[in-house]
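Here is the structure we will look at.
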Amino acid sequence: MEVAAYHPRLPADDPAWSGVRRLELEELLAQADVVSLHVPLTSETRGMIDARAFARMKPDAILINTARGGIADDAALVAALKAGKLGGAAIDVYEQEPLGKDAAKVFTGAPNLILTPHIAGNTVESNARVSGLVAEKVMAALEERI
C-alpha cells in the first residue's frame with residue numbers, strides 16, 4: 001500500500017512525511033482508493049469533503065471518517081453512494097451527536113455504508129490505558145490526603 005496525505009501547513013521537510021507521498025487535496029481525492037479523515041473540525045475543515053470532493057473521487061473509493069462530524073457533508077455522501085459515484089463509506093462521527101432519529105434519516109437507503117456510534121477510538125488497549133491512568137490519578141490524590 002502506498003500512503004499519501006494532504007496537510008496544508010505541515011512543512012515539506014517535517015519527518016512526518018517520511019515514507020508518505022505528499023499531495024494537494026484535489027490530487028489525493030482523485031488518486032486514493034481509501035480516504036481516511038484525520039482533521040479537527042474548524043471553520044477551515046467544516047464541509048471540506050462536499051459534493052465537489054466526492055465528484056473528484058474514484059467511483060470505487062471508500063471514505064472513512066473517524067475524525068469529526070461536519071467535515072464530510074452527509075447529504076452529499078449519501079447522494080454519491082446512491083448514484084454509484086463512491087464505492088462505500090464508514091462513518092463514526094456525525095454533525096449531531098449522539099446521532100438522533102431525525103438526523104439519521106439522511107442515511108436511509110444509502111448502499112455500502114457502515115455507521116458506528118462514535119466508538120472508533122474505543123479499543124481494548126485504549127480502555128486499559130484510560131483505566132490505568134484514572135487509577136493512578138485516584139491513588140495519587142488519595143496519597144496526598146494521607
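The values are calculated or read from the model by the stated rules, or taken from the named source; none is laboratory data. What you are looking at is a predicted structure, and each value in this text was computed from that prediction instead of being measured. Virtual Cβ from ideal backbone geometry, glycine too; neighbours counted across all protein chains shown. Side chains are part of the model used for accessible areas, which takes the heavy atoms of the whole protein and leaves out ligands, DNA and RNA. Shrake-Rupley method; radii C 1.70, N 1.55, O 1.52, S 1.80 Å.
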Provide Ile146, Ile71, Ile119 ordered by accessible surface of protein heavy atoms (probe 1.4 Å), highest first. Ile146, Ile119, Ile71
Listed by chain and number, the lysines with an alpha carbon less than 16 angstrom from that of Lys85, same-chain partners under 8 positions apart left out, are Lys58
For Arg129 paired with Gln96, estimate the spin-label separation in nm (one decimal), with each label point 7 Å from Cα along the Cα-to-Cβ line. 3.3 nm
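With every protein chain kept in place and ligands, DNA and RNA left out, what is the accessible area per residue of the stretch 84-146? Probe 1.4 Å, answer in Å².
Per residue, the stretch 84-146 has 74 Å² of solvent-accessible surface.
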Calculate for the chain the 222 nm mean residue ellipticity that helices alone would give, adding -39,500 (n - 2.57) per DSSP H run of length 4 or more and normalising by residue count, nearest 500 deg cm²/dmol. -9500 deg cm²/dmol
Here FRET efficiency (C-beta to C-beta, Trp17 to Ala140, R₀ 30 Å, nearest 0.05) is 0.20
Solvent-accessible surface (1.4 angstrom probe) belonging to Asp73, in square angstrom, nearest 10: 60 Å²
If you take the charge dipole of the chain about its Cα centre, with +1 on Lys and Arg Cβ and -1 on Asp and Glu Cβ, which of Ile49, Gly88, Gly69 is farthest toward its positive end? Gly88
Applied in sequence order to the stretch 43-57, the curve 6.51 cos²θ - 1.76 cosθ + 1.60 (Karplus, θ = phi - 60°) yields integer Hz couplings, x standing for Gly and Pro, of 4, 6, 9, 4, x, 4, 9, 10, 4, 5, 5, 4, 5, 7, 6
Carbon plus sulfur fraction of accessible area for the stretch 10-116, probe 1.4 Å, in percent: 54 percent
Is the chain best put as rounded, prolate or oblate by its Cα gyration tensor, with a ≥ b ≥ c the root eigenvalues, rounded for a/c under 1.5, and otherwise prolate when a/b is larger than b/c, oblate when not? oblate
When all protein chains stay in place, what accessible area (Å², nearest 10, 1.4 Å probe) is found for Ser36? 50 Å²
Taking the Cα centre of the chain as origin, work out the dipole magnitude from +1 charges on Lys and Arg Cβ and -1 charges on Asp and Glu Cβ, in debye rounded to 20. 340 debye
Ordering His38, His7 by accessible area with a probe of 1.4 Å, largest first, what comes out? His38, His7
